[in-house]
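Read through the structure below, which is laid out as structure tokens, and then see the notes.
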Amino acid sequence: MQPGSEAAFLHGGVSLPDHRQQEPLSRERLLQAINASREMLDHSPPLYLHCLAGRERSVALAIAHVSMIRGLSVYEALLAVRAAHPPANPLFEHLELLEVLLKPEQPFSLATEPSLQSIQPPGAA
């Protein structure tokens with residue numbers, strides 16, 4: 001990156017646990033990561049997600065966004081992400097948590113958690 005070009009990009013970070021850590025991924029932390037990345041995507045596309053190996057944590061966020069944007073189930077979104085990035089190998093526990101959070105029959109709202117923003121798929125108002 002050219003010196004001074006950082007101003008042209010939105011950047012941020014939310015640390016998520018991977019398979020090497022003893023702490024499980026919490027609902028709140030995943031929602032924080034989804035909210036932060038969604039805000040960046042909405043204000044300054046495209047979105048670049050990364051983690052150490054690009055196989056677990058960033059993939060989980062990519063699956064969340066593909067699911068919300070395309071209206072796919074978590075597992076359909078996983079197939080779409082793997083088609084673009086074959087090494088994608090999210091943790092099963094992360095997929096289970098995404099499935100609960102993005103369940104289509106539940107409105108996806110965080111109104112009961114004032115520290116987190118609401119996320120809804122595009123067109124769901």
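Charged neighbours of PRO46, selected by a Cβ distance under 15 Å, balance to -1 (K, R count +1; D, E count -1).
Spin-label pair LEU79-LYS103: with each label point 7 Å from Cα along the Cα-Cβ axis, the two points sit 2.3 nm from one another.
None of the figures in this text is laboratory data; all of them are computed from the coordinates on show. From a predicted model like this one, the values you see are computed outputs, not experimental measurements. A quick note on method: Cβ atoms are made from the backbone with ideal geometry, for glycine too, and the neighbour counts reach across all protein chains shown.
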